[in-house]
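Written out below as structure tokens is the structure these notes cover.
The values are calculated or read from the model by the stated rules, or taken from the named source; none is laboratory data. Please read all numbers here as calculations on a predicted model, not as lab measurements. Here the Cβ positions follow ideal geometry from the backbone for every residue, glycine too, while neighbour counts run over all protein chains shown.
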Amino acid sequence: MNLQSNDFALFGLPERFEQDRAAIDARWKELQREAHPDKFAGQGAAAQRVAMQWSVRINEAYQRLKDPGKRAAYLCELRGAPIEAENNTAMPAEFLMEQMEWREALDEAKGEEDLDTLAGQLMRTRRDTLARIAQLLDSANDAAAAAGQVRALMFIERFDHDVQQRYEQLGQ
């Protein structure tokens, strides 16, 4: 294993968006067993430090690979199209309109039924956005277009958090 390998190479996975979560989880457990610092206790402090570095590196890769949004952002970056969400908020006009409608719906939500409707819309849009990301990264090899979809996904996930907070407010 090489500390400089990208996450996919480290986990022995194809460098693509579509992944089997169970395979990622199984490989993570396998790698953690191989690199666990206790396994190197008899080889001295230096070997244990290296094992600890490996363990940290494996966990970082796992966090990126298991999460579809993080995995998509990572792939975009590997393919020369970093997300740069702090500096680049460009999104298609129709998505911006949809965002405004969601905001309005959240502001006007009177109860759980209204929030359920909004949460359902968000879930469908998230699913559709993930499908577009998969198509753009795995079939079209268009990381720049995928980066725009990843930024949209980030908004969807942040907005979903706002919806969940509103559910909590209603429950109080």
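Side notes on the structure shown:
- Restricting Arg71, Arg124, Arg64, Arg57 to residues that are assigned to a helix (DSSP H, G or I) and either touching a His at 6+ places or on another chain (Cβ under 6 Å) or more than 30 Å from Asp38 (Cβ to Cβ) (or both) narrows the list to Arg124.
- Arg33 satisfies every condition listed in (1) in the same structural domain as Ala144 (by TED's automatic domain parsing); (2) touching a Lys or Arg at 6+ places or on another chain (Cβ under 9 Å); (3) exposed (fewer than 12 other Cβ atoms within 10 Å of the Cβ) except (1).
- Applying the condition of being part of a loop (DSSP other than H, G, I, E, B) and under 16 Å from the mean Cα position of the chain (by Cα) to segment 10-30 and asking which residue is surrounded by the most Cβ atoms within 10 Å (Cβ to Cβ) yields Phe17.
- Residue within segment 112-122 that is modelled with pLDDT of 95 or more, surrounded by fewer than 19 Cβ atoms within 10 Å (Cβ to Cβ), acidic (Asp, Glu) and closer than 17 Å to Gln99 by Cα present: yes
- Residue tally, condition over 12 Å from Ala152 (Cα atoms), touching a residue at least 12 places away in the same chain (Cβ under 8 Å) and surrounded by fewer than 16 Cβ atoms within 10 Å (Cβ to Cβ), over segment 85-102: 0
- Number of positions in segment 35-81 that are modelled with pLDDT of 95 or more and among the hydrophobic types (A, V, I, L, M, F, W, C): 9
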